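Here is the structure we will look at.
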Amino acid sequence: MTVFEYGLELLNRGESFGFAVILSGDGSTPRGEGSMMIIREDSIFATIGGGLMEAEIIETARKEVMPCHTARVCEIDMYANSNIPSDMICGGACRVLVAGISGGDENMKKVFRAAAEAESLGKRAWIFYIYENTPSGGKFSCCVNSGGVLTGDFEGCPGLDRQMLLNPVRVAVHGDSAENVEYVIHEINPTGKMYIFGGGHVSYEVAKLAVNLGFKVTVVDDRAEYANPERFPGCETFAIDSFDTMPDFETDGRSYILIITRGHAHDKTVLKWAMGKPRFYLGMIGSKTKRDNLYRRLNEENGIPMEELRKVKCPIGLTIGAETPAEIAVSIMAEIIMETKAKDK
């Protein structure tokens, strides 16, 4: 369950809670920009980094913003020359928005529902947290998706207009603002969908890392004991009859396809399918000998051009001397992060 799904569940029950999101960071901080958590009177859901920094945010939420459903931006300084306790010294600083959300807030219910749906579908969307820096600490929230659909009520916020909201990338880059108003933008699904074919030991480790990095992960295997929600929490799973008859999964230019099955025959079947699908990243586990053999067969039997096959990342992952499933997973996700960051430059 994601933060937005959990928040929507609380809102549907009429329960109030605190919501915290890291707006920006400088230097070394416990977690990065966009990290979120939900704070209740007796529990928390997710984390923005733990330790005394998080404890301070929780206390602020419970004592200052949750009782009156206001919002504030907290400046947390963790540099060594600050007055912060020594065990908070990470050599960095961050800004955290903390908002008290009322269980009866119908607008926030719409916003959290739109955000949860975007996460579920793997669609790109942006949440605006419009923070009014006034004594009342007014806040306004809405969600805009990549199709230009705006959800939420932002009326009453000075200097804010619909056209500006419909261009969240411009706002994020140029920092459009009005007097005493800050527009905080959180992007949903910036990493896109990931399809992992094969549910074995390496896939298990890869999926854990991918979920923590924000990917919408789907795991596919022809063995129910290897493709189920209990084994892969936070992932969508498909136990199929055969890789020869698997569903036609929808992919696009932001999709990541990882072929990590238990045998060469399955790898060949999935790779043949993947070569005809739009995607950003396509990688396959295996040796260079296995790769060359599969490429030759796909070229000779199916007419797939060799120059296209050579674009596949195989052997998958960066060369870091990885041996165990966990180490191999790190090498795979490191390569994916590297490729993704290069694309965004």
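The values are calculated or read from the model by the stated rules, or taken from the named source; none is laboratory data. Quick caveat: nothing in here was measured; it's all calculated off a predicted structure. Virtual Cβ from ideal backbone geometry, glycine too; neighbours counted across all protein chains shown. Each accessible area value is taken on the protein alone, full model and side chains, heavy atoms only, with ligands, DNA and RNA left out. Shrake-Rupley method; radii C 1.70, N 1.55, O 1.52, S 1.80 Å.
As a summary of the residue check, CYS157 satisfies the conditions (1) modelled with pLDDT under 60; (2) open to solvent by 60 Å² or more (accessible area, probe 1.4 Å); (3) not aromatic (Phe, Trp, Tyr) except for the one numbered (2). Taking the range 258-269 as the range and being farther than 16 Å from ALA227 by Cα and touching a Phe, Trp or Tyr at 6+ places or on another chain (Cβ under 8 Å) as the test, only THR269 passes. Say whether the condition of being free of Cβ contacts under 8 Å to residues at least 40 places away in the same chain, in contact with a Ser or Thr (Cβ under 7 Å, 6 or more places away or on another chain), closer than 18 Å to ASN299 by Cα and not basic (Lys, Arg) is met by at least one residue in the range 240-263. For the range 240-263, residues free of Cβ contacts under 8 Å to residues at least 40 places away in the same chain, in contact with a Ser or Thr (Cβ under 7 Å, 6 or more places away or on another chain), closer than 18 Å to ASN299 by Cα and not basic (Lys, Arg): absent. When each of ALA118, ALA55, ALA61 is tested for being modelled with pLDDT under 85 and either assigned to a loop (DSSP other than H, G, I, E, B) or open to solvent by less than 60 Å² (accessible area, probe 1.4 Å) (or both), the lone residue that passes is ALA118.
For the range 215-236, check the following and say yes or no: at least one residue is in a strand (DSSP E or B), of a type in the set (Lys, Arg) and either open to solvent by 40 Å² or more (accessible area, probe 1.4 Å) or closer than 19 Å to ALA118 by Cβ (or both). Looking through the range 215-236, at least one residue is in a strand (DSSP E or B), of a type in the set (Lys, Arg) and either open to solvent by 40 Å² or more (accessible area, probe 1.4 Å) or closer than 19 Å to ALA118 by Cβ (or both).
Hey, can you tell me all the residues within the range 290-330 that are open to solvent by 70 Å² or more (accessible area, probe 1.4 Å), closer than 23 Å to GLY199 by Cα and in a helix (DSSP H, G or I)? If the condition is that a residue be open to solvent by 70 Å² or more (accessible area, probe 1.4 Å), closer than 23 Å to GLY199 by Cα and in a helix (DSSP H, G or I), then GLU327, VAL330 are the ones that fit. When ILE259, ILE188 are checked against the criterion of being at pLDDT 95 or above, crowded, with 18+ Cβ neighbours inside 10 Å and aliphatic (A, V, I, L, M), a single residue qualifies: ILE259. Pairs meeting the criteria (first residue in the range 196-214 and open to solvent by 10 Å² or more (accessible area, probe 1.4 Å), second residue assigned to a loop (DSSP other than H, G, I, E, B), beta carbons under 6 Å, at least 6 apart or on different chains) are GLY200/ARG262; VAL202/ILE260; VAL211/GLY234; GLY214/THR191. Taking the range 64-91 as the range and being at pLDDT below 80 and charged (D, E, K, R) as the test, the residues that pass are ASP77, ASP87.
Filtered by the rule that a residue be among the hydroxyl-bearing types (Ser, Thr, Tyr) and in a loop (DSSP other than H, G, I, E, B), the range 262-289 gives a lone residue, SER287.
The conditions of being modelled with pLDDT of 95 or more and either open to solvent by less than 40 Å² (accessible area, probe 1.4 Å) or farther than 12 Å from MET275 by Cβ (or both) are not met by THR340. Can you name the residue in the range 23-51 that is aliphatic (A, V, I, L, M) and at pLDDT 85 or above and, of all such residues, is nearest to the chain's Cα centre (by Cα)? Out of the qualifying residues, it is MET36.
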